[in-house]
Amino acid sequence: MPVSIILITLLLFSLASFWLGRRRSFKLAGGELRKLHSLPNYYGYYAAIWVGLPALLVLVMWLSLQDSIISGLVIDSLPAATQQLPASEKGLLLNDVKNLARGNIVSGEIDPAMRAAADHYNRLGSISHAAMLVVLLVLAIAGGRYALNSIRAEHRARLLVEGLVKWLLILCSSIAILTTVGIVLSVLFEAIQFFKIIPATDFLFGLHWSPQMAIREDQVGASGAFGVIPLFAGTMMIALIAMVVAVPVGLMSAIYLAEYAGKHARTWLKPLLEILAGIPTVVYGFFAALVVAPMMRNAGASLGLDISSESALAAGLVMGIMIIPFISSLSDDVINAVPQAMRDGSYALGATKAETVWQVIVPAALPGIIGSVLLAVSRAIGETMIVVMAAGLTANLTANPMQAVTTVTVQIATLLVGDQEFDSPKTLAAFALGLVLFGVTLVLNVLALHIVQKYREQYE
């Protein structure tokens, strides 16, 4: 039986238990809810939790252990000669058995022993699913029966339900924190392996980036060049151009929508503006490569400027257009959250509409506006497709936005796509780039938070 059917079954059982628990609480109250310690819905939630949560936990544990147990039993059923094979060969054989059982293509010839093992695998899987279904149904029924029998008028269902919700929130927060820690540690470990090969000083302060490792050590440039400064220079240049475009346009759009636009105009303009956020980045890349870049090259030629067909200026302009909704939408929400009393007080003192906006509303909403700008900066730094299609892959250390540059994220994607060994400096350089980019982003966020906090204290 598919897992989705089992989950739907548990959901139906939980809903039925909710209804029965709620009904039992009403029966105990006898029409006077004040006799109950908690509201009837809490008794329903209590019963539903006892039906669904233990069964769900058993389901997760069962599914996580099922494949390894069945695989071990299948391996044990193979002939003795097969069991004497190395672990790698037994793993390949087991994969063939699984593919044969699922009707997929196998890597070698199918012999009777493999066919028998595949049949055994399917048989064990069927037995496991049937047993799992029985166990889950019994557990759900037992949990529901226990919950319904334990419901009393003085039963503290609300405290138990809210306590479970609290622990669920703690679990979700812990998962998010542990995921972040795991990502950082994984990147850090691989970056340390890279720095054992390439000195950190050469990586952080080098002015040349050419990670192409030669096949033979006697070839020219066999060690490659791993100077990260050209990559960060290109990243910051494109991000700066994007923010020069996005911040004024996005902030002015937010102010107009929040303070000047009528209800009818806002109904149409805000969704139209947010459509930009739903356009795939590859479409922006096509637009930058096929429209913006040639248009800028032709405009530059008419003015006597040499603008490359792949330039930071084209990528930055299109990226700025892409992140306008991030600033406008969030800034609009923040501006609308400013209390109306502050506007009324400003008008009462004789301030004009513009004076109220720039001297009262914008300072009050500045922490949120800076937050939206930080989100946009992070989005600009992490963008890859537009840079690949409009700015190119050349690591060029230049301050001229009309030349081709590349970014850190583009190089990370490029390094991990190749056929180089995983433990080679070319591949490990991607993790070093990720670690340094994480550090730079962290410093920018801490600095921005410090500025916001300082201004907030001054404003208050």
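Of the residues G278, L39, I183, the one whose Cα sits farthest toward the positive end of the charge dipole of the chain, with +1 on the Cβ of Lys and Arg and -1 on the Cβ of Asp and Glu, is L39. Its DSSP H runs of at least 4 residues, each contributing -39,500 (n - 2.57), put the calculated 222 nm mean residue ellipticity of the chain at -25000 deg cm²/dmol, to the nearest 500.
Normalised by the number of residues in segment 215-324, what is the relative contact order in percent for Cα pairs under 8 Å and 6+ residues apart? Display every interim value, and only then the final one.
Details: 68 pairs, mean separation 47.4, N = 110.
Value for segment 215-324: 43 percent.
Computed from the Cβ-Cβ distance with R0 of 22 Å, the FRET efficiency linking I451 to M252 stands at 0.55. Note on the chain: Cα convex hull, mean projected area over all directions, 36.2 nm².
Give me the number: length gained by fully extending V58 to L15, i.e. 0.36 nm times residue separation minus the C-alpha to C-alpha distance, one decimal in nm. It would help to have the intermediate numbers written out before the result.
Working: separation 43, 0.36 × 43 = 15.48 nm, distance 1.90 nm.
That works out to 13.6 nm of additional length.
Here the peptides 316-322, 270-276, 8-14, 251-257 are ranked by packing, the mean other Cβ count within 10 Å, and the order with the highest first is 316-322, 251-257, 8-14, 270-276. As a calculated quantity, the FRET efficiency between M342 and R115 at R0 = 56 Å, using C-beta atoms, amounts to about 0.10.
Here r is the Cβ-Cβ distance between A131 and F189 and R0 is 41 Å; the resulting FRET efficiency, rounded to 0.05, is 0.55.
With a 10 Å Cβ neighbour count serving as the proxy for reagent exposure, in which order, fewest first, do L269, L415 appear?
Values: L269 16, L415 20.
Ordered from fewest to most neighbouring Cβ atoms within 10 Å, L269, L415 come out as L269, L415.
To the nearest 20 debye, what is the magnitude of the charge dipole of segment 94-215 about its Cα centre, counting +1 on the Cβ of each Lys and Arg and -1 on the Cβ of each Asp and Glu?
Working: 10 positive and 8 negative charges, 144 e Å.
Taking the Cα centre of segment 94-215 as origin, the dipole is about 700 debye.
Along the positive direction of the dipole of the chain (beta-carbon charges: Lys, Arg +1; Asp, Glu -1; about the Cα centre), which of L59, M114, L159 reaches farthest? After comparing all options, I get L159.
Taking amide H atoms as placed 1.01 Å from N in the peptide plane, the amide H of A225 lies under 5 Å from those of S210, Q212, each 5 or more residues away in sequence or on another chain.
Could you check the simple spin-label distance between W268 and I177, using points 7 Å along Cα→Cβ, in nm with one decimal? The two pseudo-label positions are separated by 5.0 nm. Modelled this way, with points 7 Å down the Cα-to-C-beta line, the labels at D333 and A142 are 4.5 nm from one another. For segment 41-124, a crude dipole built from +1 on the beta carbon of Lys and Arg and -1 on the beta carbon of Asp and Glu, taken about the Cα centre, is about 240 debye to the nearest 20.
From Cα pairs below 8 angstrom and at least 6 apart in sequence, can you work out the relative contact order of the chain, rounded to a whole percent?
Values: 550 pairs, mean separation 71.9, N = 460.
For the chain, the relative contact order is 16 percent.
Taking the Cα centre of segment 3-155 as origin and charging only Cβ (+1 Lys, Arg; -1 Asp, Glu), how large is the dipole, in debye to the nearest 20?
Working: 13 positive and 9 negative charges, 241 e Å.
Charge dipole, segment 3-155, about its Cα centre: 1160 debye, nearest 20.
All of the numbers you see were taken from the coordinates with simple rules; none came from a lab. None of these values were measured; they are calculated from a predicted model. Glycine gets a Cβ as well: all are built from the backbone with ideal geometry, and neighbour counts include every protein chain shown.
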